[in-house]
Amino acid sequence: MSERSRCGFVALIGAPNVGKSTLLNRLIGSKISIVSPKVQTTRRRVLGILGEGAAQIVFVDTPGIFAPRRRLDRAMVHMAWRSAGDADLVVLLVDATRKGIDEDTRSIVDALKREGRRAVVALNKVDAVKRPKLLGLAEELFATGIFDDVFMISAATGDGVADLVKAVAGRLPEGPWHYPADQVSDMPLREIAAEITREQLFCQLHAELPYALTVEQESWEDFADGSLRIGQQIIVARESQRAIVLGEGGSRIKSVREAAQSEISALTGRKVHLFLHVKFRENWQDDPERYRAMGLDFDD
């Protein structure tokens with residue numbers, strides 16, 4: 001890279017369900033972070049790596065920041081703030097379709113202000129909001145005095161995203177790139193595959209889905225014909241939750257398997273044989289090993 005090359009970490013933070021993962025996938029042009037209407041879908045730090053001219057932008061998708069009650073929630077929120085603290089630049093994503101600035105977003109702004117941290121704000125979902133409301137939100141946020149710029153974007157359609165990328169790239173420190181030019185994430189393919197299955201569970205079970213659910217990679221076998229055999233465990237916290245995930249006659253787990261298998265196959269470019277097993281593991285949310293596997297601190 002030239003001496004003028006730039007590289008840095010950009011933390012995407014915000015309240016739950018403001019579109020951070022959708023934006024990351026849009027920025028990278030590849031699905032590396034799962035998306036669902038359920039709050040706190042993102043449980044770990046996900047890096048998305050983008051080359052923009054001479055700059056390499058390492059976007060950090062983080063869990064939504066809110067007032068946590070459970071241990072897992074506290075660990076995720078702490079990790080989000082830690083990622084923001086370590087980043088070269090912070091982008092606060094705000095859902096413009098909500099009624100004004102919600103309480104969680106106000107708390108984030110107040111925390112940034114206390115830390116003396118400046119940021120960039122991106123109003124998301126602007127394609128669904130009338131201009132007067134957008135201008136009002138932008139003015140209110142800019143008046144807090146901590147934002148250098150306000151961008152209006154739609155992570156779903158891509159509107160305004162290029163302007164955000166250009167501005168972010170120009171603010172990164174000069175230095176060599178941290179990752180190869182063709183790398184789009186630091187997350188291993190096997191972990192992405194497990195996340196794809198978790199996303200399908202969220203999408204297909206909706207309100208019936210127990211919050212205390214996770215997916216673990218169990219096996220990954222390559223065959224000579226180029227196909228893959230993947231085994232995954234769906235872990236639930238109560239024995240009664242197994243029936244919810246399995247569905248009548250195993251219909252739900254079959255539907256989840258078929259959808260996840262198809263998506264993993266498209267991601268890998270290979271034929272995939274996916275096998276899912278639902279297992280009961282009491283109070284897995286209190287198991288330090290599970291936290292380490294997600295890159296979370298059990299003691300937060």
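When only alpha-carbon atoms are used, what values of Rg and Dmax, in angstrom, describe the range 112-224?
For the range 112-224, the Cα-based Rg and Dmax read 20.0, 61 Å.
Round to a whole angstrom and tell me the spacing of the C-alpha centers of the range 203-281 and the range 116-183.
Measuring centre to centre over Cα atoms gives 36 Å.
Working out 0.36 nm times the residue gap between His178 and Phe223, then minus their Cα-Cα distance, what length gain in nm do you get to one decimal?
Using 0.36 nm per residue and subtracting the Cα-Cα distance, I get 12.9 nm.
Report in % the part of the accessible area of the chain that belongs to carbon and sulfur, leaving out ligands and nucleic acids; probe 1.4 Å.
Looking at the chain in its full context, I get 49 percent from C and S.
Mean projection of the alpha-carbon convex hull of the range 55-193 over all orientations, in nm²?
Projected area, direction-averaged: 10.1 nm².
Quick one: order Glu191, Glu174, Glu221 from most to least accessible surface, probe 1.4 Å.
Ranked list, largest accessible area first: Glu174, Glu221, Glu191.
Could you pull out every residue, at least 5 positions away or on a different chain, whose amide H is within less than 5 Å of the one on Thr62? Hs are placed 1.01 Å off N in the peptide plane, and Pro or chain starts have none.
Sorted by chain and number, the residues that satisfy this are Leu12.
Might you work out the accessible area of His206 for me, using a 1.4 Å probe with all protein chains in place, and round it to the nearest 10 Å²?
Ignoring ligands and nucleic acids, His206 comes out at about 120 Å².
Which residue, Gly136, Gly51, Gly226, tops the fluctuation ranking in a GNM of the chain built on C-alpha contacts under 10 Å?
Of the options given, Gly226 has the highest mean-square fluctuation.
Taking θ = phi - 60°, what integer Hz values does the Karplus form 6.51 cos²θ - 1.76 cosθ + 1.60 yield along the range 187-200, in sequence order, with x for Gly and Pro?
Those phi angles translate into 7, x, 4, 5, 6, 4, 4, 5, 5, 4, 5, 5, 4, 5 Hz.
Solvent-accessible area per residue for the chain at a 1.4 Å probe radius, Å²?
47 Å²
Treating only the Cα positions of the chain as identical point scatterers, give the base-10 log of I(q)/I(0) from the Debye formula at each q in 0.12 Å⁻¹.
Values returned for q = 0.12 Å⁻¹ are -0.83.
Using 0.36 nm per residue, how much length does the chain from Arg114 to Arg270 gain when fully extended, once their Cα-Cα distance is taken away?
Stretched fully, the Arg114-Arg270 segment lengthens by 51.2 nm.
The values are calculated or read from the model by the stated rules, or taken from the named source; none is laboratory data. Just so you know, these numbers come straight off a predicted model, no measurement behind them. Note: accessible area is taken over every heavy atom of the protein model, side chains too, but ligands, DNA and RNA are not part of it. Shrake-Rupley method; radii C 1.70, N 1.55, O 1.52, S 1.80 Å.
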